[in-house]
Amino acid sequence: MEPPNAAHPAVTAITAAVRASLEDLAATAVQDIWDQVPAYSGSGDERLREDVTRHVRAIFEVFLAGLPGGRRARRSDFRMTREQATRRVEQGITLADFLQAFRIGQLTLWHGVLAAAGDDPEARDAALAAVAQIMVVIEVGSTVAAEAYVEAQQLAVAESDRLRRDLLEDLLARRASFAGPKRALLRASGLGPDTRLLVTTAVLAGDQSDEHALRDAAAAVGRARGGGRGLVVVRQEEIVVVAAVPQGGAAAAVAGLRRACAGLRQRGIALAAGVGTVRTGLSEVADAYAEARIARNGLGAAPGVLALPLLTSLDYLVLRDDETARRLIRPEVRRFVDEDVAAGGALIATLVEFAASDLNAVAAAERLHLHVNTAYYRLDRIAERTGCDLRRLADVMELLIALRLLGAIAPRATPQAP
C-alpha cells in the first residue's frame, strides 16, 4: 500500500484531527491496556500508569510526525521505548505483556485515524493508506522494545545474581549486619536475625558439567519450596539455598527437594544435594552450610539427597570419609561385606532388618516376607562368617557401622520434629 499523499487535504485533516484528540486517544489506549492485560492492572507500582501514558503519547507522536510527509518510522524515533522497556523490567511486566500493550496502543491509534476520516470517501482512502505507516510503527517499535527489554532483563539478572552471591558470601563470612539492597533481599527471601533456617548445597552428580543445566536445576530447587521464599545462589559449580524452615518442618522441605531432584532426573539432570541441620539466625548460616557440604560429600559421586535432620546420630558419625575407621574393620567382616554385596546382599538386608526389629528374628522375617527358619539360617550364616554374636548389641553395632563405612547400606532416615 502506498503511503498517503502529503499534499492531499485529507491527510492534513486527519493529522490535525488525531492531534487534537491525542490526549483522549492516549487515555483510551491506556485504559484498554489495563482492561486487557492483567499484569498492568495487577501491578502495585504507582508510577506504572503514568509511565504507560507517556509512552503511548510518544508513540502516537512518532506516527503523527511521519504522516504528513509520508516518512516511515525509524529506530531513532523510539528512544523513549528503550527507556520504558527498562522500566517494565523493573516493574515486573513480562516481555509478552509489554509487547501486547504496545500493540493495543497502535490499535487504538488506528481507530482514532478512522474516526478522524469520518464518512468522507477521500479521507477514508487516505486513512487506509496510513495503515502502512502504522504497521511500520508497530514493526520497528516492537523490535526496539523487544531488544531493549531483553538487554535490560539480562542486566537486571546479572545484577541480581551479583547481589545474591555477595550476600551469600557475607553470610558465609559470618557477617550479620546488612543495609540497603542486601537487607531488602534478606527480607524478600524471608530471612531475619531469628529465622529458623535450613541450608542446602547441591552439585551436578558424576561427570556432568553444564552451566545451563546448573541454572535450570537452581530454578527447580528454588521452586521446590512450593512458592515459599528463600535465597537461591549459583556459586561457581554448586547451588546454595538458604531458606526458612517451612510449616511442615525439615521433613517437608526435604520431601520437596527430593521431588525437585526426581523431576530433574527425568530431564537428564542428576543432582547430589546435602541439607544441614535446622539452625536459628543469620549468624549460623556458615555452620549450616558446612554441615550441608558434609552431607553432600557423603553421597560421593552418586545422585540423591542426604539430609542431616533426618539421620540418626550413628549415621552422622560414620558419614565422614574416614580411612582410619575403615582400616579398623576386621578382615573377616570386610570379606563378608564384599562377598555378600557381590552375591546380591541378602544377608546384609536380613541383618539390617534384624537390627531395625530390635534384634527380633521373627519380626525381621515378617518384614522381609521370609519364613522364620530362613531368617534364623541367614543370621547363623552371618555370625559364622563374621565371628560376631548377634545376640550381643555391641557385635550388631560393629557390623552396622562396618556396613555404613563400606557403603553397603544407606543412612536410615528417622522422623524429625518440625
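The values are calculated or read from the model by the stated rules, or taken from the named source; none is laboratory data. The model shown is predicted, which means the values in this text are computed figures rather than measured ones. No Cβ is skipped: glycine too gets one built from the backbone with ideal geometry, and neighbour counts run over all protein chains shown. Please note that ligands, DNA and RNA were not included when accessible areas were found on the heavy atoms of the full protein model with its side chains. Shrake-Rupley method; radii C 1.70, N 1.55, O 1.52, S 1.80 Å.
Looking across segment 208-237, just one residue is touching a residue at least 60 places away in the same chain (Cβ under 8 Å) and assigned to a loop (DSSP other than H, G, I, E, B), and that is Gln208. With a requirement of 2 or more residues that are touching a residue at least 12 places away in the same chain (Cβ under 8 Å) and surrounded by 21 or more Cβ atoms within 10 Å (Cβ to Cβ), the helices (runs of 4 or more DSSP H) lying completely within segment 256-344 that satisfy it span 285-297, 331-342. Checking the condition of a type in the set (Ser, Thr, Tyr), in contact (Cβ under 8 Å) with a residue 60 or more places away in the chain and open to solvent by less than 20 Å² (accessible area, probe 1.4 Å), which residue from Thr86, Thr81 passes? Within the list Thr86, Thr81, the selection yields Thr81.
Of the listed requirements (1) closer than 20 Å to Asp315 by Cβ; (2) under 42 Å from the mean Cα position of the chain (by Cα); (3) of a type in the set (Gly, Ala, Ser), Ala364 misses just one: (2).
Those residues that are in a loop (DSSP other than H, G, I, E, B) and closer than 15 Å to Gly281 by Cβ, I need them from segment 174-187; list them, please. Arg174, Arg175, Ala176, Ser177, Phe178, listed by residue number. Does Gly190 satisfy the criteria of being within 19 Å of the chain's Cα centre (by Cα), in contact (Cβ under 8 Å) with a residue 40 or more places away in the chain and assigned to a loop (DSSP other than H, G, I, E, B)? Yes, satisfied. Checking the stated criteria, Arg124 turns out not to satisfy the condition of being under 30 Å from Pro181 (Cα atoms), open to solvent by 60 Å² or more (accessible area, probe 1.4 Å) and part of a helix (DSSP H, G or I).
Arg412 satisfies every condition listed in (1) at pLDDT 80 or above; (2) surrounded by fewer than 16 Cβ atoms within 10 Å (Cβ to Cβ); (3) charged (D, E, K, R) except (1). Candidates Gly105, Gly112, Gly118, Gly92: the one that is open to solvent by 50 Å² or more (accessible area, probe 1.4 Å) and not acidic (Asp, Glu) is Gly92.
Only a single criterion out of (1) of a type in the set (D, E, K, R); (2) open to solvent by less than 60 Å² (accessible area, probe 1.4 Å); (3) touching a Gly at 6+ places or on another chain (Cβ under 8 Å) is not satisfied by Arg72, namely (2). One residue alone among Val157, Val140, Val240 is within 30 Å of Gln100 (Cα to Cα), out of contact with any Asp or Glu (no Cβ under 6 Å at 6 or more places or on another chain) and either buried (at least 20 other Cβ atoms within 10 Å of the Cβ) or in contact (Cβ under 8 Å) with a residue 60 or more places away in the chain (or both), and that residue is Val140.
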